[in-house]
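A.B. asks: Before I ask anything, here is the structure I am working with.
The values are calculated or read from the model by the stated rules, or taken from the named source; none is laboratory data. From a predicted model like this one, the values you see are computed outputs, not experimental measurements. Neighbour counts are summed over all protein chains in view; Cβ atoms, including those assigned to glycine, are modelled from backbone coordinates with ideal geometry.
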Amino acid sequence: MGMTIAEKILKAHLVDGEMVQGQEIGLRIDQTLTQDATGTMAYLQFEAMGVDQVKTERSVAYIDHNTLQSGFENADDHKYIGSVARKHGIYYSKAGNGICHQVHLERFGAPGKTLIGSDSHTPTGGGIGMLAFGAGGLDVAVAMGGGAYYIPMPKMVRVTLTGRLQPWVAAKDIILEVLRLMTVKGGVGRIVEYAGEGVLTLSVPERATITNMGAELGATTSIFPSDEVTKSFLEAQGRGDVYIPLASDPDAKYDEEYTIDLNRLEPLAAAPHMPDHVAGISELGEIKVNQCCIGSCTNSSYYDMMKVAAILKGKHVHPEVSLTISPGSMQVFHMLAKNGALSDIIAAGARILECACGPCIGMGQSPESAGVSLRTFNRNFEGRSGTQDAKIYLVSPETAAASALTGVLTDPRTLGEMPEIEMPAHFDINDSMIIPPAEHPEEVEVQRGPNIKAFPLGEALPDQYTGQIVLKTEDNITTDHILPAGSKLLPYRSNIPYYSNYCFIHVDPKFPARCQEQGGGVIVGGSNYGQGSSREHAALVPLYLGVRAVLAKSFARIHKANLVNAGIVPLTFADPADYDAVKLSDKISFPRLKAEISAGGQVTVQVGSKKFMADCEVSDRQRGALLAGGTLNYAKQQSKA
């Protein structure tokens, strides 16, 4: 039987397990990336492993999230990451060089390689035929140390693209249509592969937009073939030598298949507050707009920015709209300045931000109270923008630029003839802001600021556990719900004790105090608990607060892995109806916790007079980690065995 693209790469990198759906497999990882919001914790964990030099082909530390230096905290973290990178064989991309996924696509990504990153949008690399996964920081640290990266063997999904995008319809509209078809839960446990004649019409930046937002499906990752379009992009980046062709076999088998006719697609938007709340721009009508933000790792490429510049040229932003532009990399920024497009953007009245994540993570440019903001980003979760009651719509750069001119949500097809933008034959190459590792690492001293605190370690699983339900949530709780981002809190990602004061504050402001008073307890969640970013802080902070288990209807993949890494037991209701039988502050106990986890069977749950069963669906390796109180503890035990 033939193989999919993903199966071919998985097979070539398999070091543990068998490629049987649902079974855990271990993969050799070629490349890793971190960003500064998650990187400090990842490198603290890497140091704790005692490995001198990274074992990967290429590891890169990017500074792109916490770039607002309103205090010493972010600057100190950057100093720490930079010194760790020089000492341990890691390349260091300085603040201002660009967003990790955009820069990695430009300068390091390669077809057929495996990549994991401590950022959920690492699957962007699938746009050039990489098998790229978002992961928790500890998983990245293990990979840098030469260890395998473990995932359950995914199902395979094919999305066939037919036809060609019509004028003013964009790659963003393709992935929004996929979200409308599959929902934010539809990709869980699946790799999404794109195929069909329509693929050949899409540039690498367009493909990367689609694989980037595959994270919002909950997918393990997404991938495109590596073809002549890929080859041209890599050659234009001066990296044609890394190109290899990759395609699925004609008789490859898929578990699910979808077809999208690009000819019939129209401009779309994801309405508040979820990426799968998708509707046509024409359906939504002329909603008054206060802000438009163009950029993020989804839509900040040279190709995107040139389209925006062409739309804005000779025109002016509506007087009641604030338009911000965030180029994805220094390469993009420099080329826009060099060819005059940046001048067109500035003359139109746009605000130019640095090459960083910025507004996407609430790092500045928060909308006004109850404001409407159109963003070319990938997430519109409630409060993520930094304004709790803002209404965030996810749209294409074309729709955002058109709406910035009119002051209302505008179908870009009303603008007339669409400007033709071609991919450059050669990109300007300047890697001066990427610092290579030290030639003499033994001479490098790692620098730690006072805001960097030790990460918490779990305790070995007790025979039984009794506590209280300290929180009960609805479906689709995101990691932004668990631990908010934004300019006020992101500087404390390195300080778990301080950050713990803000855990779940937008869901239940009393949660941190309740945990402190009761010595922790158990969280009860709905379906798709922990969707969103890869931030392992969403597990480490509850661990610090004494949370021993999360009992949910279902989990998002990365968050479940992070809970296990931290030593928090992830349980699912054997009967989802039992969710309705428990409430906040109920006494909850697991009378045979250790024995039942050890045996690999169901776990007995006692809530008041009601007794029911829960599933703990983990691998043998993860079971060992839970019994030890987390993956680091387990690794230390294994090393002594």
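A.B. asks: Can you tell me which residue among A577, A595 is touching a residue at least 60 places away in the same chain (Cβ under 8 Å) and not in a loop (DSSP other than H, G, I, E, B)?
C.D. replies: Values: A577 fails: touching a residue at least 60 places away in the same chain (Cβ under 8 Å).
The unique qualifying residue is A595.
A.B. asks: Among the residues of the range 433-451, which ones are in a loop (DSSP other than H, G, I, E, B), in contact (Cβ under 8 Å) with a residue 12 or more places away in the chain and out of contact with any strand residue (DSSP E or B) (no Cβ under 9 Å at 6 or more places or on another chain)? Walk me through it before giving the result.
C.D. replies: Looking only at the range 433-451, we keep the residues that are in a loop (DSSP other than H, G, I, E, B), and these are 433, 436-440, 444-451.
Now restrict to residues that are in contact (Cβ under 8 Å) with a residue 12 or more places away in the chain: 433, 436-438, 444-451.
Matches in the range 433-451: A438, V444, E445, V446, Q447, R448, G449, P450, N451.
Okay, residues lined up against (1) closer than 30 Å to A309 by Cα; (2) in a loop (DSSP other than H, G, I, E, B); (3) modelled with pLDDT of 95 or more:
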| position | (1), (2), (3) |
| --- | --- |
| R413 | yes, no, yes |
| I429 | yes, yes, yes |
| K453 | no, yes, no |
| V470 | no, no, yes |
| G486 | yes, yes, no |
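A.B. asks: Give the range 563-577 a look and list any residue that's of a type outside the set (A, V, I, L, M) and more than 23 Å from the chain's Cα centre (by Cα), or say none.
C.D. replies: Within the range 563-577, the subset of a type outside the set (A, V, I, L, M) is 565, 567, 570, 572-573, 575-576.
Matches in the range 563-577: T572, F573, D575, P576.
A.B. asks: Sticking with this structure for a sec: Check E422, E445 and return the single one that is under 30 Å from E228 (Cβ atoms), of a type in the set (D, E, K, R) and surrounded by fewer than 16 Cβ atoms within 10 Å (Cβ to Cβ). Walk me through how you get there before you give the answer.
C.D. replies: Details: E445 fails: under 30 Å from E228 (Cβ atoms).
None of the others qualify; the one that does is E422.
A.B. asks: Determine which member of the set A269, A215, A208 is under 30 Å from Q388 (Cα atoms), of a type in the set (A, V, I, L, M) and not in a helix (DSSP H, G or I). Full working, then the answer.
C.D. replies: Working: A215 fails: not in a helix (DSSP H, G or I); A208 fails: not in a helix (DSSP H, G or I).
Answer to the selection: A269.
A.B. asks: Sticking with this structure for a sec: Does the range 60-70 include one or more residues that are closer than 27 Å to E439 by Cα, of a type in the set (S, T, N, Q) and within 24 Å of the chain's Cα centre (by Cα)?
C.D. replies: Let us first name the residues in the range 60-70 that are closer than 27 Å to E439 by Cα, namely 60-64.
Subsequent filtering for residues that are of a type in the set (S, T, N, Q) retains none.
Within the range 60-70 (the criterion being closer than 27 Å to E439 by Cα, of a type in the set (S, T, N, Q) and within 24 Å of the chain's Cα centre (by Cα)), the answer is no, since none of the residues qualifies.
A.B. asks: Tally the residues that are in contact (Cβ under 8 Å) with a residue 40 or more places away in the chain and farther than 20 Å from D77 by Cα, restricting the search to the range 496-520.
C.D. replies: Within the range 496-520, residues that are in contact (Cβ under 8 Å) with a residue 40 or more places away in the chain and farther than 20 Å from D77 by Cα number 8.
A.B. asks: Hey, among T473, T478, which residue is β-branched (V, I, T), in contact with a Gly (Cβ under 9 Å, 6 or more places away or on another chain) and within 24 Å of T631 (Cβ to Cβ)?
C.D. replies: On the way: T473 fails: within 24 Å of T631 (Cβ to Cβ).
Just one listed residue meets the conditions, T478.
A.B. asks: State yes or no: is A37 more than 22 Å from the chain's Cα centre (by Cα) and hydrophobic (A, V, I, L, M, F, W, C)? Explain how you work it out, then say what you get.
C.D. replies: Working: more than 22 Å from the chain's Cα centre (by Cα): no; hydrophobic (A, V, I, L, M, F, W, C): yes.
So A37 fails the test.
A.B. asks: Take the residues of the range 163-184 that are buried (at least 17 other Cβ atoms within 10 Å of the Cβ) and part of a loop (DSSP other than H, G, I, E, B): which is nearest to the chain's Cα centre (by Cα)?
C.D. replies: V184
A.B. asks: Name the residues in the range 46-58 that are in contact (Cβ under 8 Å) with a residue 60 or more places away in the chain and surrounded by fewer than 24 Cβ atoms within 10 Å (Cβ to Cβ), would you? Steps first, please.
C.D. replies: First, pick out the residues of the range 46-58 that are in contact (Cβ under 8 Å) with a residue 60 or more places away in the chain: 46-49, 51-56.
Of everything in the range 46-58, those that are in contact (Cβ under 8 Å) with a residue 60 or more places away in the chain and surrounded by fewer than 24 Cβ atoms within 10 Å (Cβ to Cβ) turn out to be E47, A48, M49, V51, D52, Q53, V54, K55, T56.
A.B. asks: While we're looking at this one, here's another question. Looking at the range 187-223, which of the residues that are in contact (Cβ under 8 Å) with a residue 60 or more places away in the chain and under 20 Å from P424 (Cβ atoms) is surrounded by the fewest Cβ atoms within 10 Å (Cβ to Cβ)? Give the derivation first.
C.D. replies: Within the range 187-223, the subset in contact (Cβ under 8 Å) with a residue 60 or more places away in the chain is 188-191, 193, 196, 198, 201, 203-216, 218-223.
Okay, now just the ones that are also under 20 Å from P424 (Cβ atoms), so 201, 203-209.
Working: T201: 14, S203: 19, V204: 26, P205: 23, E206: 24, R207: 27, A208: 32, T209: 30.
Step by step, filter the range 187-223, then rank; the result is T201.
A.B. asks: State all residues of the range 342-351 that are under 30 Å from the mean Cα position of the chain (by Cα) and either buried (at least 20 other Cβ atoms within 10 Å of the Cβ) or closer than 12 Å to I311 by Cα (or both); if no residue qualifies, say none. Step through it out loud before you land on a result.
C.D. replies: Just the residues of the range 342-351 that are under 30 Å from the mean Cα position of the chain (by Cα), to begin with: 342, 345, 350-351.
Once the filter is applied, which keeps residues that are under 30 Å from the mean Cα position of the chain (by Cα) and either buried (at least 20 other Cβ atoms within 10 Å of the Cβ) or closer than 12 Å to I311 by Cα (or both), the range 342-351 yields L342, I345, A350.
A.B. asks: I've got another one for you. Every residue in the range 77-105 that is within 12 Å of Y62 (Cα to Cα) and not in a helix (DSSP H, G or I), please.
C.D. replies: Of everything in the range 77-105, those that are within 12 Å of Y62 (Cα to Cα) and not in a helix (DSSP H, G or I) turn out to be I90, Y91, Y92, S93, K94, A95, G96, N97, G98, I99.
A.B. asks: In the list A341, A401, which residue meets the criterion of being more than 25 Å from T211 (Cα to Cα), in contact with a helix residue (DSSP H, G or I) (Cβ under 7 Å, 6 or more places away or on another chain), touching a residue at least 12 places away in the same chain (Cβ under 8 Å) and small (G, A, S)? Explain how you work it out, then say what you get.
C.D. replies: Values: A401 fails: more than 25 Å from T211 (Cα to Cα).
Being more than 25 Å from T211 (Cα to Cα), in contact with a helix residue (DSSP H, G or I) (Cβ under 7 Å, 6 or more places away or on another chain), touching a residue at least 12 places away in the same chain (Cβ under 8 Å) and small (G, A, S) holds for just one of A341, A401, which is A341.
A.B. asks: Give the range 488-515 a look and list any residue that's assigned to a loop (DSSP other than H, G, I, E, B) and of a type in the set (A, V, I, L, M), or say none. Can you show your working first?
C.D. replies: Within the range 488-515, the first condition is being assigned to a loop (DSSP other than H, G, I, E, B), and the residues that meet it are 488-489, 493-495, 503-510.
Matches in the range 488-515: L489, I505, V507.
A.B. asks: Any residue at all in the range 348-358 that's at pLDDT 95 or above and either part of a strand (DSSP E or B) or under 18 Å from E283 (Cα atoms) (or both)?
C.D. replies: yes
Here's the yes/no breakdown for (1) at pLDDT below 95; (2) of a type in the set (G, A, S); (3) within 24 Å of N378 (Cα to Cα):
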residue	(1), (2), (3)
W168	no, no, yes
L176	no, no, yes
R190	no, no, yes
G196	no, yes, no
I210	no, no, yes
P245	no, no, no
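A.B. asks: Working carefully through the options A556, A595, A581, A635, find the one that is at pLDDT below 95 and farther than 27 Å from T220 by Cα.
C.D. replies: On the way: A556 fails: farther than 27 Å from T220 by Cα; A595 fails: at pLDDT below 95; A635 fails: farther than 27 Å from T220 by Cα.
So the residue among A556, A595, A581, A635 that is at pLDDT below 95 and farther than 27 Å from T220 by Cα is A581.
A.B. asks: May I pose another question? Does the range 85-107 hold any residues that are among the hydrophobic types (A, V, I, L, M, F, W, C), more than 17 Å from H121 (Cβ to Cβ) and either surrounded by 24 or more Cβ atoms within 10 Å (Cβ to Cβ) or touching a strand residue (DSSP E or B) at 6+ places or on another chain (Cβ under 6 Å) (or both), and which are they? I'd like the intermediate steps shown before the answer.
C.D. replies: We begin by selecting, within the range 85-107, every residue among the hydrophobic types (A, V, I, L, M, F, W, C); these are 85, 90, 95, 99-100, 103, 105.
Restricting the remaining residues to those that are more than 17 Å from H121 (Cβ to Cβ) gives 85, 90, 95.
Result: A85, I90.
A.B. asks: E417 is checked against (1) in contact with an Asp or Glu (Cβ under 9 Å, 6 or more places away or on another chain); (2) surrounded by fewer than 20 Cβ atoms within 10 Å (Cβ to Cβ); (3) farther than 24 Å from H101 by Cβ and fails just one. What number does that condition carry?
C.D. replies: Every listed condition holds for E417 apart from (1).
A.B. asks: OK, next. Being surrounded by 21 or more Cβ atoms within 10 Å (Cβ to Cβ), touching a Phe, Trp or Tyr at 6+ places or on another chain (Cβ under 8 Å), not acidic (D, E) and not in a helix (DSSP H, G or I), is that true of even one residue in the range 605-628?
C.D. replies: There is at least one residue in the range 605-628 that is surrounded by 21 or more Cβ atoms within 10 Å (Cβ to Cβ), touching a Phe, Trp or Tyr at 6+ places or on another chain (Cβ under 8 Å), not acidic (D, E) and not in a helix (DSSP H, G or I).
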